1. Any chance segment 361-382 includes a residue that's crowded, with 22+ Cβ neighbours inside 10 Å, within 30 Å of VAL136 (Cβ to Cβ), aliphatic (A, V, I, L, M) and out of contact with any strand residue (DSSP E or B) (no Cβ under 7 Å at 6 or more places or on another chain)?
2. For the list (1) touching a residue at least 24 places away in the same chain (Cβ under 8 Å); (2) in contact with a Ser or Thr (Cβ under 6 Å, 6 or more places away or on another chain); (3) closer than 27 Å to GLN188 by Cβ, I need the number of the one condition that ILE92 fails.
3. Mind listing whichever residues of segment 193-212 are assigned to a loop (DSSP other than H, G, I, E, B), modelled with pLDDT of 95 or more and surrounded by fewer than 21 Cβ atoms within 10 Å (Cβ to Cβ)?
4. Taking segment 7-36 only, how many residues are over 22 Å from ILE365 (Cβ atoms) and at pLDDT below 95?
5. Here are THR51, THR22: which of them is surrounded by 13 or more Cβ atoms within 10 Å (Cβ to Cβ) and farther than 18 Å from GLN188 by Cα?
6. THR307: over 25 Å from PHE203 (Cα atoms), hydroxyl-bearing (Ser, Thr, Tyr) and assigned to a helix (DSSP H, G or I), yes or no?
7. Only one residue in LEU163, LEU173, LEU190 is modelled with pLDDT of 95 or more, in a helix (DSSP H, G or I) and either touching an Asp or Glu at 6+ places or on another chain (Cβ under 8 Å) or surrounded by fewer than 19 Cβ atoms within 10 Å (Cβ to Cβ) (or both), so which one is that?
8. Report, by residue number, each residue of segment 138-189 that is of a type in the set (Ser, Thr, Tyr) and within 17 Å of LEU105 (Cβ to Cβ).
Amino acid sequence: MTSIEERPSTPSGLRGVVVTSTAIGDVRGDEGFYHYRQYPAVELARTRSFTDVWFLFVHGRLPERDEAAAFAVEVADQRTLPDAVRAALPSIAAAGDRFDPLAGLRTALSLYTAARGLPTTWDAGPQRRRADALAVCAVTPTILAALFRLRHGERIVEPRRDLPDAAHWLYLLTGEEPAPEQARAVEQYLIATIDHGFNASTFTARVVASTGADVVSAVAAAIGAFSGPLHGGAPDRALDALDEIGDGAPEDWVRARIAGGERIMGFGHAVYTTHDPRTALLREVAERLGGPLTARAVDVERRVGSTLAQLKPDHLLYANVEFYAGVVMEQCGIPRSMFTPTFTVSRVVGWCAHVLEQAGERRLIRPSARYVGPPPPAPVPAA
């Protein structure tokens, strides 16, 4: 048997290492392109509904019109929470000095598992696993919006069955039906962020799913990975950068941060070596919404990008999805504390698709680590 020391080393962070196969989608970082199944993801966001793309993730194909309508009804039927979960939400929302929606979501979803009696994916058949995945995706917006409203002293908005997913999310947050242009803007953002290759949270979900755990356990683990600022927690930070710049010169702002060794939130990506295709889409969405914030963002993107090209000519940094995501969500009335939760509303669909795919493989993910500590065996000193 080959020892750990004799095995090939892998790059830090598993960069570029292929760990499994998937039919769900992929990212081509050097081309500035990503896709869901065989379709360009950005084109899906431009032309289809969230329901259509969700169906694609579950069934591997785009739906006919009657199938999309039936799927929307099936999902809407799962939006209401069990009484036990609903009763616990006020305590979850009030916990701690700082409101953490994703921590609250993990707690509520764990309770949801018990209330619904969700089986492990190992013991459940494909249809039950599919049903559990749809239910988890359907209740996630309900939980997040309820926690937000309770934390701010407002009553929970009851889920409705007649609103599409993006419009329903805005309705749950605000208690008012959104304008069509706002609902469509958020819908396009949600579609564009359902999946994005084997990122940290998706890989985490698949590792947990490979153990045969229930769907929620895999999703809760993914949420934990997603909560970090280097992954899902950046849309509000990118918008904060616009606030910091204010009426000042973006060039001076970015030079000061580069000199201080700080990360430029909203610029650069772990996979893309060229333009992030989601940036162009969301810039279009933001410009369609209009307003001074959009105009300011477009100007800052251009000037920061130019300055970064001067400072880092060998390592070009382009605006990433978070830069305009914050602009779009702000324009649509989503509070900044709910930017990353909004990202979660879409990404949970991608996580669940990967959970279902991994559960079908029924094989444990069990990598190895290279030991670099003091050489063993060493004698144990006397007590």
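The values are calculated or read from the model by the stated rules, or taken from the named source; none is laboratory data. Quantities reported herein were computed from a predicted structural model and do not represent experimental measurements. Positions of Cβ are generated from backbone atoms using ideal geometry, with glycine treated the same way; all protein chains shown enter the neighbour counts.
1. no
2. Here ILE92 clears every test but (3).
3. THR211, GLY212
4. Adding up the residues that qualify gives 5.
5. Result of the check over THR51, THR22: THR22.
6. yes
7. Unique residue meeting the criteria: LEU190.
8. If the condition is that a residue be of a type in the set (Ser, Thr, Tyr) and within 17 Å of LEU105 (Cβ to Cβ), then THR140, THR142 are the ones that fit.
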